[in-house]
Amino acid sequence: MRAVFVDANDALASTAERIIRLAGLELRVNREPNIAPAAIPAVLDDAEIAIIDHTALPRTVARQCKRLRHVVFLGSGVRSYMNPEELQATGISVHTIKGYGDTAVAEFTIALMWAAAKNVARMDREMRRGKWQRTEGMQLTGKTLGLVGFGGIAAEVARLASGIGMRVLAWNRTLRTHARVEFLSLESVLAGSEVVSIHLLLTDETRGMISRDRIAQMKPGAILINTARGALVDENAMIEALRSGHLAHAGLDVFVTEPLPAGHPLTELDNVTLSAHSAFRTKEASDNLLSAARDHCHRIVAAER
């Protein structure tokens, strides 16, 4: 069988070439991370397996990939890029990967929380402009962190936050228990937390879940952290809350539109810390990710024999 890594950046390309070595599988790596969806059929040629990191695959494009039967999507947020049910109806199975970067994303979440609480990015920007502008930060020890959604990443965030002396609340759509975490209603988590961190998959049900009304339920002066998906939050309402001061700060790794367009309102706010959807990008997470992709390919090849 043939597989093509459609949109590999240099780091993932090297990791894939090192890890995905299987008998019965010919792998080609396309080192063009910013490929347009319309170019996918030509890149795949006659491959049966597409490994995709972050490129959209609409059904209209998938139908042009005559031999494509499997998509191995490098992550769990596949619905931001394609509709698995629509692809399944055309005979293409979509395989996702969970848990590969739980620790990496949790550490990044904590890093954004600290940066937001201490105004690190704002002081850095001002000092580069020649201004010595001291700001007052929030002491996190003794404060409450609210987790919206509770899977593997949130569990790691809870472990790290507990270690620095924070009280941890959480809400999840299904019943969960976890040591040192108090599970409450979503309204209680939002209202009772100085820092709110989002850890939900993006689905039709969760899109826009952090709405204008729910942002209003948060404590005045709270910090909002999002390393999950931008579309989980009403972006306009968040921007208004940041401008008014109802939200003291937001630490954001994900956005409704990615890459974030030049001149976007979020780039003009001092009380926002931005990063380029990179929370999961560590060597350790990449090794886990491509090892899981290899295992998917192995199962696909074995099933075809």
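Is at least one residue of the stretch 158-173 more than 24 Å from E187 (Cβ to Cβ) and within 21 Å of the chain's Cα centre (by Cα)? Checked the stretch 158-173: at least one residue is more than 24 Å from E187 (Cβ to Cβ) and within 21 Å of the chain's Cα centre (by Cα). For the stretch 7-25, the set of residues classified as part of a loop (DSSP other than H, G, I, E, B) and surrounded by 21 or more Cβ atoms within 10 Å (Cβ to Cβ) consists of D7, A8, I20, listed by residue number.
Is it fair to say T90 is out of contact with any strand residue (DSSP E or B) (no Cβ under 7 Å at 6 or more places or on another chain), closer than 19 Å to A36 by Cα and surrounded by fewer than 23 Cβ atoms within 10 Å (Cβ to Cβ)? Considered against the rule, which asks whether it is out of contact with any strand residue (DSSP E or B) (no Cβ under 7 Å at 6 or more places or on another chain), closer than 19 Å to A36 by Cα and surrounded by fewer than 23 Cβ atoms within 10 Å (Cβ to Cβ), T90 comes out as no.
For (1) part of a helix (DSSP H, G or I); (2) among the hydrophobic types (A, V, I, L, M, F, W, C), each residue gets a yes or a no:
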position	(1), (2)
L57	no, yes
R67	no, no
G75	no, no
A106	yes, yes
T109	yes, no
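Taking the listed residues A279, A292, the one that is among the small types (G, A, S), farther than 30 Å from D213 by Cα and within 22 Å of the chain's Cα centre (by Cα) is A292, with no other qualifying. Could you tell me which residue of the stretch 205-247 is surrounded by the most Cβ atoms within 10 Å (Cβ to Cβ), considering only residues that are of a type outside the set (A, V, I, L, M, F, W, C) and touching a strand residue (DSSP E or B) at 6+ places or on another chain (Cβ under 7 Å)? In this case the residue turns out to be N226.
The single condition among (1) of a type in the set (G, A, S); (2) closer than 25 Å to T282 by Cβ; (3) buried (at least 16 other Cβ atoms within 10 Å of the Cβ) that G146 does not satisfy is (2).
Within the stretch 63-75, track down each residue that is surrounded by 20 or more Cβ atoms within 10 Å (Cβ to Cβ) and either more than 16 Å from D7 (Cα to Cα) or touching a Pro at 6+ places or on another chain (Cβ under 9 Å) (or both). Across the stretch 63-75, the qualifying residues are C65, L68, V71, F73. Which one of the conditions (1) within 24 Å of R305 (Cα to Cα); (2) at pLDDT below 95 does A3 fail to meet, given that it meets all the rest? The one condition A3 does not meet is (2). Looking across the stretch 78-87, the residues that are in a loop (DSSP other than H, G, I, E, B) and surrounded by 17 or more Cβ atoms within 10 Å (Cβ to Cβ) come down to Y81, M82. Filtered by the rule that a residue be assigned to a loop (DSSP other than H, G, I, E, B) and charged (D, E, K, R), the stretch 26-55 gives R31, E32, D45, D46, E48, D53. Of the residues making up the stretch 176-204, those that are charged (D, E, K, R) and either at pLDDT 95 or above or surrounded by 19 or more Cβ atoms within 10 Å (Cβ to Cβ) (or both) are E182, E187, E194.
The values are calculated or read from the model by the stated rules, or taken from the named source; none is laboratory data. Computed from a predicted model, the values in this text were never measured in an experiment. All Cβ positions, even for glycine, are placed from backbone atoms using ideal geometry, and neighbour counts span all protein chains on display.
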